[in-house]
1. Could you please let me know if LYS55 is more than 14 Å from the chain's Cα centre (by Cα), surrounded by fewer than 19 Cβ atoms within 10 Å (Cβ to Cβ) and farther than 21 Å from ILE9 by Cβ?
2. Could you look through region 906-922, keep only residues that are polar (S, T, N, Q) and farther than 13 Å from ALA877 by Cα, and pick out the one that is nearest to the chain's Cα centre (by Cα)?
3. Against the definition (at pLDDT below 90 and out of contact with any Ser or Thr (no Cβ under 9 Å at 6 or more places or on another chain)), how does LYS31 come out, yes or no?
4. When residues of region 308-327 are filtered for being under 17 Å from ASN621 (Cβ atoms) and either touching a residue at least 40 places away in the same chain (Cβ under 8 Å) or not in a helix (DSSP H, G or I) (or both), how many remain?
5. Given the criteria in contact with a Lys or Arg (Cβ under 7 Å, 6 or more places away or on another chain), buried (at least 20 other Cβ atoms within 10 Å of the Cβ), at pLDDT 85 or above and assigned by TED's automatic domain parsing to the domain that holds GLY132, does PHE873 qualify?
6. Those residues that are more than 14 Å from ILE2 (Cβ to Cβ) and either part of a loop (DSSP other than H, G, I, E, B) or without any contact (Cβ under 8 Å) to a residue 12 or more places away in the chain (or both), I need them from region 843-872; list them, please.
7. Just checking, how many residues over region 333-381 are β-branched (Val, Ile, Thr) and over 36 Å from the mean Cα position of the chain (by Cα)?
8. Quick one: would you say GLU834 is part of a helix (DSSP H, G or I) and over 41 Å from the mean Cα position of the chain (by Cα)?
Amino acid sequence: MIIKKLNIISFGKFKNKTIELKDGINIIYGKNEAGKSTIQGFIKAMFYGMNSQKKSIRENERKRYMPWSGEKMQGELIYEETDGNEYIIKRSFGNTRKEDQGEIIHCITGEKIRAINVIEPGKEILGLNEEGFNKTLFIKQLGLEIKRGKGDEILEKLTNLVEIEGEEGSYEKAIKVLEEAKRFITTPRKTGKLDGLKLELEELNREYSDSVRLSKEGIEEQLELNKLQEKKFELRAHINKLELYKKHIKRIKLHKEYKEILEYLKKSDELNREKEKVEEDLLSDKGIIDKNFIDSIKEEYRGYNQLKDIYIEREESKNQVEESLKTKKEEFHKYEKFNNLDEEVERKVISLCLEKKNIEERIKEVQDIEKELSTLECNLKTLKDKYEVLEPILGFRGRIEGIFYDYENKLKELKYKMDNTHIDYKLIDEKHVYEKNKRKNLIFSICSFITIPFIFAIKFLKAYEGYLIFPFIFVPMCLTLFFVKRERKNSKALSNIHKEILKDKEVLSLNETIASIEKDLEQYYKASGAKDYKDFLIKLRNLEDIKENIDKLKVKIEEKLIQKENYQPEVLKENLQNINKYLQFILEHTESQDIEEFLMKNKEFKLLNNQIVILNSELNNILKSIDHINEEIEIKERNIKEKIMRVSKGNISIEVVSEEIERLEEKLKEKQDIENRLKNIDSSYRLLLKDRDLEKMREEIGDILKEDIEENFKDEEMLDEALKEKNKELLNTEKRLKDVENSIENKFIGKRRITDIEENMESVKNEISELEYRLQCINIAYETLIECFKELQRDFGPLLNNKVSKILCSITMNNYNEVKVSEEYSIKLRDNNENTIVDAEYLSNGTLDQIYFALRMAFVDLIFNQNESVPIFLDEAFMQYDDDRLMKVLDYIQSIESNRQIIIFTCQRREIDIIKQDSNIIYI
């Protein structure tokens with residue numbers, strides 16, 4: 001798994017920040033406060049969320065990285081699995097964990113990946129929890145040292161590697177399961193299942209004792225209850241006899257009541273006949289209809305009316321949709337030409353536009369090459385012209401060089417002579433100057449002299465005043481005198497110079513020879529177009545340079561021609577012409593001014609087409625709905641008619657159903673009124689009858705006469721008094737009976753039967769026995785697992801020590817070996833120089849960092865397969881390294897970058913300077 005891209009939408013100081021990462025080494029460089037820690041926090045939050053709830057801002061990521069603008073922290077992390085599939089982790093974080101949201105989707109299909117826990121996806125993606133991630137893959141500034149924590153995942157994974165491949169087994173998990181099982185059974189605080197069962201058994205024993213005691217008390221009360229019930233029976237029998245005797249006394253009243261009862265029976269018969277008449281109108285094939293039957297008809301009719309209303313609404317909706325569809329089709333008529341185009345025409349046009357732009361850029365490059373060719377050819381022509389001018393002197397270059405050789409020797413000889421004679425040879429140069437001045441003076445003297453007569457002639461011709469012409473005469477005269485005097489001085493100086501030079505004839509001979517050589521050279525430098533001897537020498541020396549430059553220009557021109565040929569300009573122009581023809585066809589066919597207008601029209605065409613499809617679908621649904629409603633209406637109408645026909649015995653139109661329902665309701669109401677009157681009569685009848693039957697009243701009177709009444713009562717009052725006493729005694733007996741019954745019942749309220757308690761006790765005892773056996777097994781398994789784990793650690797230790805030793809030797813130039821790592825990750829190692837075992841804590845901070853770096857890399861190599869690519873984060877991990885140590889550790893990192901993605905965060909340029917060529921540098 002490697003990280004491909006970070007898209008920080010808002011997190012800390014960053015907003016809409018994108019960071020592209022590659023496989024191998026990535027260096028994220030930035031000064032302090034540039035945001036390196038924020039990027040690290042973003043990566044950890046995407047993998048493991050924000051779980052800190054501490055008040056300190058430095059220790060609470062949620063507070064620390066919340067944007068000051070108040071918006072949610074959110075972003076995306078794109079990663080690639082070993083199978084080549086790419087996924088996106090999208091997460092947002094609020095003020096609390098409840099507000100956090102996230103999802104993991106496939107980059108291509110957009111399908112949500114539900115198999116990965118979105119709260120802490122790092123557990124599934126990297127196979128590590130947050131603590132394991134911090135101890136292996138994430139190495140922070142001055143934080144390489146590792147300490148074992150509770151439930152250490154790293155030790156679990158390494159131990160599992162000894163006996164099994166993968167991580168299906170786990171010692172810590174097994175221990176945790178056994179401890180949980182043990183805590184489920186029993187705990188020191190007596191809250192386990194076994195502890196609860198023992199307490200429950202004690203409660204059952206107490207309940208059993210209470211039930212036995214209450215059972216004994218209940219037997220005595222049951223005997224008293226039986227006696228009270230016998231007494232109650234005797235009192236009721238005696239009271240009944242007195243009642244019969246009282247009825248015998250009141251037989252006259254009974255006869256009168258009997259006549260009244262017969263009157264009520266007569267009225268009842270009349271009402272029954274009326275009721276039968278009404279029921280004939282309410283009679284159906286299944287008997288007398290009731291309110292439920294009428295309500296069912298009303299409900300059906302109500303449903304029928306509702307369906308009719310819905311039908312009207314659907315018809316209105318259908319009309320509206322048809323109108324909208326008609327409008328859309330009219331609009332769609334403008335885009336009929338788009339129907340003839342390919343469905344992929346938009347994509348094809350966009351692709352061709354991009355291709356056209358690319359071809360135009362390549363044609364422009366060809367034009368640039370042609371411009372460069374033109375410039376190079378122009379420069380070549382210029383050099384050739386220069387070379388052609390100088391080419392004639394190549395034939396006699398040897399002669400020219402000989403002349404220059406003689407010229408240099410003569411000049412040297414002349415210089416020697418001049419240095420060793422008394423003549424001031426500067427006079428030779430002055431001679432030339434004086435000769436030039438002599439000519440000038442002669443010319444100016446003649447001009448001044450001629451001016452004077454010319455002025456006098458003007459005087460006589462124009463007749464000017466004398467004082468006006470005087471300045472014109474005086475000035476030429478003064479100039480004439482000045483130049484004459486200067487000429488005499490120059491002649492004298494030239495005479496002296498000539499005398500001095502004549503004193504040394506050899507020098508004169510050298511001067512003449514040099515002048516002859518210069519004259520001879522003059523014809524050559526004039527032929528070459530040189531200004532002077534110096535320019536001629538420069539051109540002569542540059543002749544070879546010109547030829548070399550001509551050859552170079554020819555090579556460059558050949559390269560440019562090949563480069564131009566590689567572009568295949570004719571093919572490019574042909575392709576561009578074909579693209580333009582196709583695009584022009586599209587624009588003309590769709591009557592579009594440009595591509596943007598075409599794309600806009602095509603978009604409108606697709607939108608309108610989709611709307612028409614949707615409207616057609618909606619219209620079809622409405623038509624289906626109307627058909628369905630019609631069917632429902634027909635069913636409702638048929639059901640209503642069938643029910644009405646059961647009572648009306650004829651065919652009734654649906655329009656008069658409501659009237660028929662009203663008629664039936666009135667008949668039903670009339671029936672109910674009759675029944676109420678019958679009920680009142682029956683109530684009065686029963687009140688007079690006093691729950692007796694008329695036919696039995698005579699028999700009752702006869703029975704009363706046959707009853708054996710021991711008491712003799714003078715009148716009815718004495719009989720009532722006797723009844724009162726007996727009823728009072730019966731009442732007291734019943735009260736006592738009730739009290740005894742309540743006492744018996746209350747004794748066992750909330751109490752179970754003894755047999756139930758005994759069954760429960762037996763069940764609890766069996767469960768206690770089973771849990772005690774299970775606890776014994778768990779203890780044996782726990783002790784056995786600890787012993788096995790210690791054996792595994794003895795096997796795992798050398799593997800880890802060997803791995804750490806190899807890595808440490810490679811980054812410390814074999815200064816240390818025989819590394820020994822304890823269960824708590826404390827380290828001892830052998831110093832090769834001293835040949836002694838030393839504790840790592842006694843070494844320098846830089847060496848200690850190297851040791852723990854080697855330990856972390858060993859963890860990564862052991863936990864993750866060599867072919868499994870995982871990201872390793874290094875945050876200023878090499879601050880305490882000197883240059884040599886840094887070179888060694890970076891060499892090691894470069895050796896593992898083929899199967900590890902390395903992401904280095906640094907504020908120093910040392911790492912960049914060392915591995916700049918082999919890494920992806922990201923500046924923030």
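The values are calculated or read from the model by the stated rules, or taken from the named source; none is laboratory data. All figures in this text were calculated on a predicted structure; none of them were measured in a lab. With ideal geometry, Cβ positions are generated from the backbone for all residues, glycine too; neighbour counts draw on all protein chains shown.
1. yes
2. So the first thing to find is which residues in region 906-922 are polar (S, T, N, Q), and the list is 906, 908, 917, 919-920.
Still in the running and farther than 13 Å from ALA877 by Cα: 917, 919-920.
Values: GLN917: 32, SER919: 27, ASN920: 24 Å.
Only one residue tops the list, namely ASN920.
3. Considered against the rule, which asks whether it is at pLDDT below 90 and out of contact with any Ser or Thr (no Cβ under 9 Å at 6 or more places or on another chain), LYS31 comes out as yes.
4. 10
5. Details: in contact with a Lys or Arg (Cβ under 7 Å, 6 or more places away or on another chain): no; buried (at least 20 other Cβ atoms within 10 Å of the Cβ): yes; at pLDDT 85 or above: yes; assigned by TED's automatic domain parsing to the domain that holds GLY132: yes.
In short, no.
6. Of everything in region 843-872, those that are more than 14 Å from ILE2 (Cβ to Cβ) and either part of a loop (DSSP other than H, G, I, E, B) or without any contact (Cβ under 8 Å) to a residue 12 or more places away in the chain (or both) turn out to be LEU843, SER844, ASN865, GLN866.
7. Qualifying residue count for the region: 5.
8. Judged against the criteria, GLU834 is not a match.
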